[in-house]
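Enquirer: Can you keep this structure in mind? I'll have questions shortly.
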Ligand code: ADP
Ligand code: ADP
């Protein structure tokens, strides 16, 4: 369970151009929920997602995952939470061009430490399994720059789930895709959700929000719906 209590976030805190982007966000997301976060540009969606992803901190409030405080901890601890619990999917895919699909999915597996760490052969098998889950196994050896947008996003999703995170956070994952490809990518997210993963998708697209079990609307740094 993800739990935010009264989260306030100010950019440029203490400076003359300080800007309070989130004014006290409270919400709960239960395990296995598929949630869309919608709102106009500048509403605070990305800010919220970055906090959920443990990429950014906040001024005050409380953020817990499964009852454990994850917001106000050291950078190193935040990186650990990110690696163990969270998979990220970005609008622009954020793949390493020139790497094959397989090598992109291997990145988080190669970086994993501690009890998550697998042997080399197992890492390869795991990466192939992830590519299979998103329908991209046959493209494992292809450099990602030769793939279509939808195929790239599938590879990015395979990479996001490689370390078995319980939470997948996606920032406009279909923003660069046409509507038919958007449908295909949403099918992948729905399948992952049916397997029990918690998914949060920031989106402008009503067609994407429609496919989520729950919709949270943000306006001017507040949840309004
Ligand atoms: P959204 O994702 O809904 O478009 P953002 O979370 O990106 O909104 O931005 C919310 C508000 O915070 C906007 O007014 C934006 O200009 C401001 N903002 C976002 N990032 C920064 C930053 N790094 N520094 C200063 N202001 C920022
Ligand atoms: P998105 O499309 O996800 O809403 P934006 O285009 O709003 O992203 O922002 C892109 C990047 O610029 C983000 O990292 C955000 O933090 C930063 N940013 C947005 N608004 C501002 C701002 N007013 N001042 C400084 N950085 C900003």
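The values are calculated or read from the model by the stated rules, or taken from the named source; none is laboratory data. It should be emphasised that the depicted structure is a prediction, and the values quoted were computed from it without experimental measurement. Virtual Cβ from ideal backbone geometry, glycine too; neighbours counted across all protein chains shown.
Enquirer: With the requirement that a residue be farther than 22 Å from residue 197 by Cβ and more than 13 Å from ligand 2 (Cβ to nearest atom), what does the stretch 14-42 give you?
Expert: 14, 16, 23, 24, 25, 26
Enquirer: Please specify each residue of the stretch 58-80 satisfying the condition of being touching a strand residue (DSSP E or B) at 6+ places or on another chain (Cβ under 7 Å), crowded, with 18+ Cβ neighbours inside 10 Å and within 19 Å of residue 165 (Cα to Cα).
Expert: Within the stretch 58-80, 63, 65, 70, 71 qualify.
Enquirer: While we're here: Looking at the stretch 58-70, which of the residues that are in contact (Cβ under 8 Å) with a residue 40 or more places away in the chain and assigned to a loop (DSSP other than H, G, I, E, B) is farthest from the chain's Cα centre (by Cα)?
Expert: Among them, the one singled out is 59.
Enquirer: Further question: Among the residues of the stretch 192-208, write down those that are away from ligand 2 (no atom under 16 Å from the Cβ) and surrounded by 14 or more Cβ atoms within 10 Å (Cβ to Cβ).
Expert: Hits for the stretch 192-208 are 192, 193, 197, 198, 199.
Enquirer: Residues to consider are 2, 38; find the one that is farther than 30 Å from residue 145 by Cβ, within 16 Å of ligand 1 (Cβ to nearest atom) and under 17 Å from the mean Cα position of the chain (by Cα).
Expert: 38
Enquirer: I'm checking my understanding of the structure. Among residues of the stretch 168-191 that are crowded, with 19+ Cβ neighbours inside 10 Å and either free of Cβ contacts under 8 Å to residues at least 24 places away in the same chain or away from ligand 2 (no atom under 16 Å from the Cβ) (or both), which one is farthest from the chain's Cα centre (by Cα)?
Expert: 182
Enquirer: Moving on. All but one of (1) surrounded by fewer than 22 Cβ atoms within 10 Å (Cβ to Cβ); (2) away from ligand 1 (no atom under 16 Å from the Cβ); (3) at pLDDT 95 or above hold for residue 160; state the number of the condition that does not hold.
Expert: Every listed condition holds for residue 160 apart from (1).
Enquirer: Considering every residue within the stretch 140-150, establish whether at least one is crowded, with 16+ Cβ neighbours inside 10 Å and within 16 Å of ligand 2 (Cβ to nearest atom).
Expert: no
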